[in-house]
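Okay, so here's the structure we're looking at.
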Amino acid sequence: MKIGEILVNENKLTRDQLNVALQKQKEEPGKLGSVLIRLGFVTEEVIAQALSKQFGYPSINISKFDIDEKVLGLIKPETARKHIILPIHRIGAVLTLAMADPSNLFVQEEIRFSSNLRIQPVIAPESSILSSIDKYYGFADGIEAQKFLEEIDLDDESAIELIDEEAEESITEADFDEDAPAIKLVNLTFKDAISKGVSDLHFEPYEKTFRVRVRIDGVLHEYMTPPMNLKSKVLARLKIISGMDIAEKRLPQGGRIKTKIEVNGNKKMVDMRVSCLPTIHGEKIVVRILDKDNLMLDMTKLGFDVLSLDKFEMNITEPWGIILVTGPTGSGKTNTLYSAISKLNNEEVNIMTAEEPVEFNLFGINQVNIKEQIGLTFPAALRSFLRQDPDIILVGEIRDFETADIAIKSALTGHLVLSTLHTNDAPSTVARLINMGIEPFLVSSSVRLIVAQRLVRKLCKKCKSVAKIPPQTLIDIGFSPEEAKKVKIYEAKGCEHCHNTGYKGRIGLFEVMEIDEEIRELIMVGASTSELRQKAKEKGMLTLRMSGVEKIKKGITSIEEVLRETTKM
């Protein structure tokens, strides 16, 4: 009997709900059980019990099992994650294997062949298996780090009084050995952060506390509070491996770490950008993790709507002009620009970039690291670029008149220039350029396209639930009265898969303003930002808020996320 009929017969599901789910399954292909869970009709536990009756395998609660390391070693972490399976225990030649999808006979055969054991399947909810995979495989380094801290905290000397900064112990590289607690703690923290997809690590000294926070999907979370007697050594260790001056504690410094780290059984190259800032209680260090695996170069997956993506792709293939991407720090501008030049990258074009710093190395592209302390500034790099026969130039950021002036002259002399600017939206970028000292006629004749963007967190597909929102609230946000009556809105709930945040991953909101003839004329006559915005909207531009509303309609993100990142204009 099919799973839908089992659920209906047991009164876990109504016939109408089953029909709705079957229709949804035609629109979004996938397992019926997954569709029912996403629609909020049943829970994962109900599906697991139904699968148990359908296939005749027992249903289990994984959290009650303490799995032996030798059993875990029978299956590689990447295999467990790919197929959502977990070895539970072994008795003689029989391996008990927890599965979310017991119909996958291919996986059973693959494990039987690799382990040389007979497979006894059992059924468990998908989120429980994924959480256990994280517990036993993915986050092992984080667990080890926490145990390590607990051992240190047992030491009476760990509870120390804050000493005067001037009298603080002087630490040198010679003070570290391979088994030093600071080295071990830093290494474990890095490994766990990379496995969790952390973008930034914050090491923060306070008066009586030393705190470590991590940024996941754009939001900071407290990670650990190491004992105060490790503060100086951890900070010193970070400065040493990033190439900073360990003796200098009065001035801000920057550095980089390039290392091979083993995560989930695989070695990967990871770059880290390190910033050190003196505060009243010591040096705060922020480590930006530049994991190339997290770089999204497929523009169709960044979050553009169809019309905006068509405009963007059409304009980046033009032979000359300026394409500007705007938004605050951490809004994904670099990712968008890298996606654009990756699409344009081929042996027929010479692409040159000036960045501060170069975040990711891309094959076939000539990338220059800006170093202002030695005179290698954005204007200096751009002048040199023009003598290097470039076709496409990427400027990390236009921050002054000189850089903007050279970029515009480059665009007007037959080069395609891509760059970023810090403005709130696309129309206000024109005013920003004019405020820098660029003449309106130069702005109108050189700029082809302006993209404003933000990043919002995506709702966890495993646990998002339908929200009951009053129609008037939806209208106030930006929905039409007709949409407000019939649209289905989802909200964050939280489960083990998303670490109880309700969100997993991020996606972009985009506002794409194409500079056509009518908008050029408005720029020439000194039109205001609101006039430019109104004209662009008449031409079909989706504002950031409108882009967010579209993603709310599709169930991709929540109302809270869109309101946090956009304003109604």
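Things worth noting here:
- Residues of region 64-92 classified as open to solvent by less than 60 Å² (accessible area, probe 1.4 Å), more than 11 Å from Ser132 (Cα to Cα) and of a type in the set (Gly, Ala, Ser), total: 1
- Where a residue in region 556-567 is farther than 17 Å from Gly330 by Cβ and assigned to a helix (DSSP H, G or I) and its partner, wherever it lies, is open to solvent by 20 Å² or more (accessible area, probe 1.4 Å) and at pLDDT below 90, with Cβ under 8 Å and at least six apart: Ile559/Ile469; Ile559/Glu491; Glu560/Glu491; Glu560/Ala492
- Leading residue by the ranking (farthest from Gly505 (Cα to Cα)) among those in region 340-364 that are touching a Lys or Arg at 6+ places or on another chain (Cβ under 9 Å) and either of a type in the set (A, V, I, L, M, F, W, C) or open to solvent by less than 50 Å² (accessible area, probe 1.4 Å) (or both): Pro357
- The residues in region 498-515 that are open to solvent by 40 Å² or more (accessible area, probe 1.4 Å) and either over 18 Å from Glu560 (Cα atoms) or of a type in the set (Gly, Ala, Ser) (or both) can be counted, and the count is 2.
- A single member of Ser444, Ser419, Ser428 is over 32 Å from the mean Cα position of the chain (by Cα) and of a type outside the set (Phe, Trp, Tyr), and it is Ser444.
- Residue count, region 176-212 (criterion: in contact (Cβ under 8 Å) with a residue 12 or more places away in the chain and closer than 16 Å to Met272 by Cα): 17
- Looking across region 6-18 at every residue that is under 40 Å from the mean Cα position of the chain (by Cα) and in contact (Cβ under 8 Å) with a residue 12 or more places away in the chain, the one that is most open to solvent (accessible area, probe 1.4 Å) is identified as Lys12.
- Residue ranges of strands (runs of 3 or more DSSP E) in region 375-475 with at least 2 members of a type outside the set (S, T, N, Q) and more than 24 Å from Val358 (Cβ to Cβ): 447-459, 465-467
- Test: residue in region 478-490 that is touching a Phe, Trp or Tyr at 6+ places or on another chain (Cβ under 8 Å) and open to solvent by 20 Å² or more (accessible area, probe 1.4 Å): yes
- For region 215-247, taking the residues that are surrounded by fewer than 16 Cβ atoms within 10 Å (Cβ to Cβ), assigned to a strand (DSSP E or B) and among the hydrophobic types (A, V, I, L, M, F, W, C), the one that is nearest to the chain's Cα centre (by Cα) is identified as Val219.
- Leading residue by the ranking (surrounded by the most Cβ atoms within 10 Å (Cβ to Cβ)) among those in region 24-63 that are among the hydroxyl-bearing types (Ser, Thr, Tyr) and closer than 25 Å to Cys460 by Cα: Ser34
- Residues (among the charged types (D, E, K, R) and in contact (Cβ under 8 Å) with a residue 12 or more places away in the chain) located in region 530-551: Arg533, Lys535, Lys539, Arg545, Glu550, Lys551
The values are calculated or read from the model by the stated rules, or taken from the named source; none is laboratory data. In this text the structure is predicted, and so the values were computed from the model without any measurement. Neighbour counts are summed over all protein chains in view; Cβ atoms, including those assigned to glycine, are modelled from backbone coordinates with ideal geometry. Just the protein is used for accessible areas: all its heavy atoms, side chains included, with ligands, DNA and RNA removed. Shrake-Rupley method; radii C 1.70, N 1.55, O 1.52, S 1.80 Å.
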